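So the structure is just underneath, and the comments pick up after that.
The values are calculated or read from the model by the stated rules, or taken from the named source; none is laboratory data. Computed from a predicted structure; not experimentally measured. Heads up, the Cβs are rebuilt from the backbone with ideal geometry, glycines too, and the neighbour counts pull from every protein chain shown. Just the protein is used for accessible areas: all its heavy atoms, side chains included, with ligands, DNA and RNA removed. Shrake-Rupley method; radii C 1.70, N 1.55, O 1.52, S 1.80 Å.
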Amino acid sequence: DLVSCVGWTTADELFSCSDDHQVLRWNPVTSEATRVLKLPDDVYPLDLHWFPRGIGAKRQSQPESFVLTSSDGKFHLISKLGRVEKSVEAHCGAVLAGRWNYEGTALVTAGEDGQVKIWSKSGMLRSTLAQQGTAVYSVSWAPDSDKVLYTSGRQLTIKPLQPNAKVLQWKAHDGLILKTDWNSVNDLILSAGEDCRYKVWDSFGRALCSSQPHGCPITSLAWAPDGEFFAVGSFNTLRLCDKTGWSYALEKPNTGSIFAMSWSMDGTQLAGACGNGQVIFAHVLEQHWQWKNLEITLIKRRTMKVHNVLNDAVDLLEFRDRVIKASLNYGYLVVSTSLQCYVFSTKNWNTPLIFDLKEGTVSLILQAERHFLLVDGGGLYLYSYEGRLISSPKYPGMRTDILNAKTVSLSNDTLAVRDKADEKVIYIFEALSGKPLGDGKPLTHKTEIVEIALDQKGLTSERKIAFIDKNRDLFITSVKRFGKEQKIVKIGTMVQSLAWNDTSNILCGIQDSRFTVWYYPNTVYVDKDLLPKTLYEKDASEFSKSPQIVSFVGNQVTVRRADGSLVHLHVSPYPAILHGYVSASRWEDGLRLCRFVKDQTLWACLAAMAVANKDMSTAEIAYAAIGEIDKVQYINSIKELPSKESRLAHMLLFSGNTQEAETLLLQSGLVYQAIQVNINLYNWERALDLAVKHRTHVDTVLAYRQKFLGDFGKKETNQRFLQYAQGVSV
């Protein structure tokens, strides 16, 4: 009879339940099935969900029990060996869905009676979350297990567990909604129903994608565990889609309707429960990785094909176990299989470096030039390309199973992680030791952060992090923090996607309807007015809506459009060359390049770079070239100052760092200059404080103040100035 539900325990074991009242255990390698349990004749199973393995340190290697909901209004807690440990009366009419939360501390059930109930681990009723007039066909937990998503007819409802919290409800489909799924890694929601469409939503209920109508109602869907893709099942139809909604593959197996689907833990295999009594097994193949002149394809579960497009050479890479994750960048291919990690140098495919993994299911691989990061359910591990474990950073309340490429960023010396518990916080670690950077305080922003990225080049002390918050504003700040709060500066609005270049600190992003390149983002710390002149902008309407930047390698940017097609863009190579000259202090070559290219943007970059590196003569030429005459005059006046300290202080002033400039002058004993700086900036209070504290030039401050008031024909009202004016003759 028809199969109603399936669920994996490990990557090599699947359980399925059918209307013939049997629970079977499958081994997909040998395709053998053994009967675990025969249910009573009046019990028809509807949904099965394995107890979660737990998170962090308390993980088990495999789950020990599952919940089975059935048509007789009960749910049953059943052990792996097939013993029914408990049966609980739950709903009037059938229990249509049952789901454990991620921690395994609560179970939610939904029934034909329109009720959604929360139960404890042992099967005691905790609360009735919702009651409505229509049956609830599907239910899903939020990533933090603090909210529940359920269907009500054509509407979707997200209800928090806390009483009196705001309930979010919206009309999602034109027909009855049959299935939902909510992914814990990307926080996106899937829904599908009798209007024959599937849709992708964010957790605020905003539609991100809606499919074309299929021929039949969509009866099942499931997110892959890492949130990169999802599967959709319908009558004689199985489809694999990207998280943004476009379709990778469409299969037409002879299965009848696929009523339920389940992904294995590592996201490489999928099982479906079919209406004609079959269980369908599927494997994900043909993923592509591209870098410069190499294209790598997974052609079989254990075989990769490397194609070098320059000379058409083809290499085959064979692995002992199935390939789970791979990453290709910086001249290395890193592949994790179910038990081992392989590191290939792109110069030599014959001798990979191989080391064993203790956890197995790697969920994310990130590469930098000198090392790479593996993320699995147990933690974060940083390895060198020689296979040596460098460090394993930890932070309080760490949940690594929900990290993805947008919330983790790696550079040669720094690792940044945006945590799930508080999305306004970024933890920053020193890569080599795994300890928190600087004074150990994380970086905190005023709103939730959705995407982070570290720059890849330059000095460790100047490492920058760019991030997008949930209002889609782009900010940049320095990673190093010693007590003094670094300014977080906003450099873009409505930014959909961003990427740093791999060879120089150039940032590109798609903002609103423009593709923008920030040739020298550090400008905001040097001369803020100059930033608009260091940008390159191009109309991005050719990318259609919500495009994503895949990579920014050399001077080529790869963008993926919403329909899945890749678009390649070329960025001018000159700014990268200029970055190279400046990092080698070759100012003459930099000037020569700018004169050769004759581009205002490049001159503006050179001006900012020169001021940042305190090279005033180059700065003067560059500012003159872009017509900033006032700045040229100021730089000239700086060059004529007698002492090195005052020159440095005025350069700090030039970049707007008044506090540091004053501190520097006071440390060098140039009290009068410090007072003069404050007078020039009309910081009267501070100027008087300094004069009184150092018992010098009080009369000068008062004289300037009198002249200032005289010019505007005003009377002195400030008490402190009046008090000193009586005791001092000017």
**Request:** Report, in deg cm²/dmol and to the nearest 500, the calculated mean residue ellipticity at 222 nm for the chain, where each DSSP H run with n ≥ 4 adds -39500 (n - 2.57) and the sum is divided by the residue count.
**Result:** -5000 deg cm²/dmol
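Below 8 Å, C-alpha to C-alpha, sequence gap of six or more: please give me the relative contact order for the range 380-469 in percent.
On the way: 158 pairs, mean separation 20.7, N = 90.
Once divided by the residue count of the range 380-469, the mean separation gives 23 percent.
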**Message:** For the full complex of protein chains and a 1.4 angstrom probe, list ASP630, ASP144 by accessible area with the highest value first.
**Reply:** ASP630, ASP144
**Message:** Quick check on the range 1-143: take the gyration tensor over C-alpha atoms, sort the square-rooted eigenvalues as a ≥ b ≥ c, and tell me if it's rounded (a/c under 1.5), prolate or oblate.
**Reply:** oblate
**Request:** Could you pull out every residue, at least 5 positions away or on a different chain, whose amide H is within less than 5 Å of the one on LEU498? Hs are placed 1.01 Å off N in the peptide plane, and Pro or chain starts have none.
**Result:** ILE549
**Asked** To the nearest 10 square angstrom, how much accessible area does HIS570 have with a 1.4 angstrom probe?
**Response** 130 Å²
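With a Förster radius of 35 Å, plug the Cβ-Cβ distance of ASP315 and ILE390 into 1/(1 + (r/R0)^6) and report the FRET value to the nearest 0.05. Could the numbers behind the result be given before it?
Details: r = 29 Å, r/R0 = 0.82.
The pair ASP315/ILE390 has a calculated efficiency of 0.75.
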**Message:** Stokes-Einstein diffusion coefficient for the range 3-283 at 20 °C in a medium of 1.002 mPa s, Rh from the Kirkwood formula over Cα pairs: what value in µm²/s?
**Reply:** 115 µm²/s
**Message:** I need the phi-derived Karplus couplings for the range 263-275: 6.51 cos²θ - 1.76 cosθ + 1.60, θ = phi - 60°, integer Hz, Gly and Pro marked x.
**Reply:** 8, 6, 3, 8, x, 9, 10, 10, 10, x, 9, 9, x
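How big is the C-alpha Rg of the range 381-452 next to the rule-of-thumb value 2.2 N^0.38 Å, as a ratio? Present the calculation step by step, with values, prior to reporting the outcome.
Working: Rg = 12.1 Å, N = 72, 2.2 N^0.38 = 11.2 Å.
Against the compact-globule rule of thumb, the ratio is 1.08.
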**Asked** Given the pairs LYS86/LYS179; LYS406/LYS441; LYS470/LYS545, which are separated by over 24 angstrom at their Cα positions?
**Response** LYS86/LYS179
**Asked** For the range 3-283, what is the relative contact order in percent, using Cα pairs closer than 8 Å and at least 6 residues apart in sequence?
**Response** 12 percent
**Message:** Only four residue types carry charge here, +1 at the Cβ of Lys and Arg and -1 at the Cβ of Asp and Glu. Report the dipole size of the range 641-729 about the Cα centre in Debye, rounded to the nearest 20.
**Reply:** 140 debye
**Request:** Sum up the charges of everything whose Cβ sits under 14 Å from the Cβ of ALA691, counting Lys and Arg as +1 and Asp and Glu as -1, but leave ALA691 out.
**Result:** +1
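Full-extension gain between SER513 and LYS424, please, as 0.36 nm times their residue separation minus the C-alpha to C-alpha distance. Mind showing how you got there, number by number?
Details: separation 89, 0.36 × 89 = 32.04 nm, distance 2.68 nm.
Extra length from SER513 to LYS424 when fully extended: 29.4 nm.
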**Fill in**
Karplus ³J(HN,Hα) for the range 139-147 (6.51 cos²θ - 1.76 cosθ + 1.60, θ = phi - 60°; Hz, whole; x = Gly/Pro) runs 8, 9, 8, 6, x, 8, 6, 10, 9
**Chain lengthening between LYS714 and ARG370 when straightened (0.36 nm per residue, less Cα-Cα)** = 117.4 nm
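Return the FRET efficiency for the residue pair ARG592, HIS570: r is the Cβ-Cβ distance, R0 is 25 Å, and the value is rounded to the nearest 0.05.
0.60
Please compute the length gained on full extension between ASN680 and LYS38, using 0.36 nm multiplied by the number of residues separating them and subtracting their Cα-Cα distance.
Numbers: separation 642, 0.36 × 642 = 231.12 nm, distance 8.90 nm.
Full extension of this stretch gives 222.2 nm more.
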**Message:** Need one number: nm distance between label points at ARG647 and SER31, each 7 Å from Cα along Cα→Cβ, rounded to one decimal.
**Reply:** 8.1 nm
**Prompt:** How many Å³ per residue does the convex hull of the Cα positions in the range 270-416 occupy?
**Reply:** 143 Å³
**Message:** Can you list residues from other chains, or at least 5 along the same chain, whose modelled amide H is less than 5 Å from the amide H of GLY492?
**Reply:** LEU474
**Complete:** Sorting THR516, THR244 on solvent-accessible surface, 1.4 Å probe, most exposed first, gives THR244, THR516
**Item:** Spatially proximal aspartates and glutamates relative to LYS305 (Cα-Cα < 13 Å; intrachain offsets below 8 disregarded)
**Value:** GLU286, GLU295, ASP315, GLU318
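Do you know the relative contact order of the chain, to the nearest whole percent, from alpha carbon pairs under 8 angstrom that are 6+ apart?
With pairs under 8 Å counted, the relative contact order is 5 percent.
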**Asked** So how exposed is LEU298, as accessible area in Å² (1.4 Å probe, rounded to 10)?
**Response** 0 Å²
**Fill in**
Karplus ³J(HN,Hα) for the range 349-354 (6.51 cos²θ - 1.76 cosθ + 1.60, θ = phi - 60°; Hz, whole; x = Gly/Pro) runs 8, 7, 10, x, 9, 10
**Item:** Amide H contacts under 5 Å for GLY111, placed H, 5+ residues apart
**Value:** LEU96, VAL136
**Prompt:** Taking the Cα-to-Cβ direction at LYS86 and at THR10 and moving 7 Å from each Cα, how far apart do the two end points lie in nm?
**Reply:** 2.8 nm
**Request:** Find the accessible area per residue for the range 3-283; the probe is 1.4 Å, ligands and nucleic acids are left out, and the unit is Å².
**Result:** 40 Å²
**Message:** Computed from the coordinates I sent, log10 I(q)/I(0) by the Debye sum over Cα atoms at q = 0.05, 0.06, 0.10 Å⁻¹ equals one of (i) -0.29, -0.42, -1.08; (ii) -0.33, -0.47, -1.03; (iii) -0.37, -0.51, -1.11. Tell me the label.
**Reply:** (ii)
**Fill in**
As straight-line cross-link partners of LYS117, the qualifying aspartates and glutamates (C-alpha separation under 12 Å, not fewer than 8 residues apart within one chain) are GLU89
**Request:** Heavy atoms only, probe 1.4 Å: what % of the accessible area of the chain goes to carbon and sulfur, would you let me know?
**Result:** 50 percent
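How would ILE629, ILE449, ILE299 rank on accessible area, largest to smallest, probe 1.4 Å?
Details: ILE629 100, ILE449 0, ILE299 65 Å².
If we order ILE629, ILE449, ILE299 from most to least accessible, we get ILE629, ILE299, ILE449.
On a 20 Å Cα-Cα criterion, which of the cross-link pairs LYS490/LYS639; LYS487/LYS528; LYS74/LYS166; LYS159/LYS446; LYS464/LYS487; LYS446/LYS490 come out too long? Intermediate results must be reported in sequence, preceding the final value.
Numbers: LYS490/LYS639 32 Å; LYS487/LYS528 12 Å; LYS74/LYS166 30 Å; LYS159/LYS446 26 Å; LYS464/LYS487 12 Å; LYS446/LYS490 12 Å.
LYS490/LYS639; LYS74/LYS166; LYS159/LYS446, as the Cα separations exceed 20 Å there.
Rounded to the nearest whole Å², what accessible area per residue is found for the range 484-527 with the 1.4 Å probe? Walk me through the intermediate numbers first.
On the way: 1380 Å² over 44 residues.
That works out to 31 Å² per residue.
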